[in-house]
Each structure stands twice: as structure tokens, then as C-alpha cells.
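Take a look at the structure set out below.
The values are calculated or read from the model by the stated rules, or taken from the named source; none is laboratory data. It should be emphasised that the depicted structure is a prediction, and the values quoted were computed from it without experimental measurement. Note: ideal-geometry Cβ built from the backbone for every residue, glycine included; neighbour counts use all protein chains shown. Remember, those area values only see protein heavy atoms, side chains included, never the ligands or the DNA or RNA. Shrake-Rupley method; radii C 1.70, N 1.55, O 1.52, S 1.80 Å.
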Amino acid sequence: ERDCVRDRYREVRITLREIVMPGRALVLELRLFDEGLAFRYIVPRQEGMERVEIVAEATDIQFVEGTNAWSEYRIEGEYEKVPIREIREKCMWPFTFECPNGLFGCLTEAGRYDYPTAVLSPRWFQKDNFALRTDLMGTAHGTTPFSTGWRLLIAGERPGDLLERSFLVDNLNP
């Protein structure tokens, strides 16, 4: 437990807009902390779009060759260390990995209000182009403005850093 949780970050919001009609907007909100980064998508209020239904989220995350990860496929299951390319469909969060340079990372979720849990599944784009994609375990329904859950990367030089920096999840779950 902590008496005080540090909440220091830089934030940027990038508005993306369809180039074809109806020209809908989507905002990518990014927060950069000393200990990691977080992002989410926001569907802003806009003419003709009061209700939102999100059936899929195609966020791809690429890893350096030689990365290992701890995979788990059911709630409170056992974790197994495997090469990143051996991750199977529907790998659960939090997703902890070790890069070839010895750094550690953890991908997790936060702020999932009225937003389904996501899992990670492998995607091959070409023979050597591999990524993990977020797959939603349900459909999100809401009204604009509507925010997805946060996708969070916690980084550290040792595994214990990830636990010590878990306050980032608290910061994104007000």
C-alpha cells in the first residue's frame, strides 16, 4: 500500500478523421510516464453519431525478435515462459515479457468502464512480420463521447520493477 501515488505524465491527444464521408473522428489519447506509457481511443461527440458499438479492436503490438513472454490462457491459470512467437490465441492480460536486452515489460488494462476484457492473439502479416493483436471478449456499447479501456505498458530493468510500478494502473482507474 502507498500513502501517496505519484501521477506525473505528459499527454497528447491526436484526432484522426476518415478521409471519406461521413468523416467520423477518433481521438488517440497517449500518456507517457517515467515508468511506462498508456493509450486509449475516444469516440468524441459528433453529428450523426450518438451511440457507439465497438465489436473489434485491432491494436497490433510488435516485439523484438528473441523476446520471451509468460503466457496464460484462463483466469488465474498457470503462467508458462515461451518465446513470443509461440503465444497462442486468447492469451490473457496482464502480459509480462522479457526483451533480448534484459529489460522487462508488462502489458495490462485499466479504466475498463463498460468495456469488455481484451485478450492477445498472434497475427502474421508476412513470413517474418509478427504481432500480437488485442481481441475483445464481447461488444462495447455506449454513447458519445465514449472511451475504450486504457492499454498500458509498464517497463523495468528487473521483474520487481513491474510490481513496484503497478501504481500506474491505479492512476488510470480513478
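Would you kindly calculate the translational diffusion coefficient of the range 61-174, applying Stokes-Einstein with the Kirkwood radius from alpha carbon pairs, for 20 °C and a viscosity of 1.002 mPa s, and quote it in µm² s⁻¹ without decimals?
Values: Rh = 15.1 Å.
In µm²/s, the coefficient rounds to 142.
Probe radius 1.4 Å, ligands and nucleic acids ignored: give me the carbon and sulfur share of the accessible area of the range 34-149 as a rounded percent. Please report the intermediate quantities before stating the final value.
Values: 3160 of 6440 Å².
Heavy-atom surface of the range 34-149 belonging to carbon and sulfur, 1.4 Å probe: 49 percent.
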Legend entry - Phi-based couplings in Hz for the range 130-145 (Karplus 6.51, -1.76, 1.60; Gly and Pro marked x): 10, 8, 9, 10, 6, 10, 7, 9, x, 10, 9, 10, x, 10, 6, x
Inset, instruction - Send over a whole-number figure in Å² for the accessible area per residue of the chain, probe 1.4 Å. - result: 61 Å²
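Run lengths n ≥ 4 of DSSP H only: what is the helix-derived mean residue ellipticity at 222 nm for the chain, with -39500 (n - 2.57) per run over all residues, to the nearest 500? Don't skip to the end; give the middle numbers.
On the way: 2 runs with 11 residues, N = 174.
So the calculated ellipticity at 222 nm is -1500 deg cm²/dmol.
Counting only protein chains, not ligands or nucleic acids, how are Ile19, Ile87, Ile14 ordered by accessible area (probe 1.4 Å), most first?
On the way: Ile19 170, Ile87 5, Ile14 70 Å².
Of Ile19, Ile87, Ile14, the descending order of accessible area is Ile19, Ile14, Ile87.
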Inset, instruction - Only Cα pairs under 8 Å and at least 6 apart count here; give the relative contact order of the range 57-102 as a rounded whole percent. - result: 44 percent
Legend entry - Potential lengthening between Met21 and Ala56 on full extension [0.36 nm per residue; Cα-Cα distance subtracted]: 10.5 nm
Inset, instruction - Evaluate Rg over Rh across the range 119-174, taking Cα atoms for both radii and Kirkwood's formula for Rh. - result: 1.08
Inset, instruction - Note down the accessible area of Thr143, probe 1.4 Å, to the nearest 10 Å². - result: 80 Å²
Inset, instruction - Could you grab the relative contact order for the chain? Cα pairs under 8 Å, six or more apart, rounded to a whole percent. - result: 25 percent
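Rounded to the nearest 20 debye, what is the charge dipole size of the range 53-174 about its Cα centre when +1 sits on each Lys and Arg Cβ and -1 on each Asp and Glu Cβ? Don't skip to the end; give the middle numbers.
Working: 12 positive and 19 negative charges, 42 e Å.
Here the range 53-174 has a charge dipole of around 200 debye.
How big, in percent, is the set of alpha carbon pairs in the range 19-74 lying more than 16 Å apart? Don't skip to the end; give the middle numbers.
Working: 1050 of 1540 pairs.
The calculated P(r) of the range 19-74 puts 68 percent of pairs beyond 16 Å.
If Lys and Arg each add +1 and Asp and Glu each add -1, what is the summed charge of the other residues whose beta carbon sits under 11 Å from the beta carbon of Arg85?
Details: positive: Arg88; negative: Glu65, Glu86, Asp128.
Result for the neighbourhood of Arg85: -2.
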Legend entry - Relative contact order (%) - the range 61-137, alpha-carbon pairs under 8 angstrom, separation at least six: 29 percent
Inset, instruction - Calculate the spin-label point distance for Arg133 paired with Leu32, positioning each point 7 Å from the Cα along the beta-carbon direction, and give it in nanometres. - result: 2.9 nm
Legend entry - Leu26 accessible area, 1.4 Å probe, all protein chains in place, Å² to nearest 10: 60 Å²
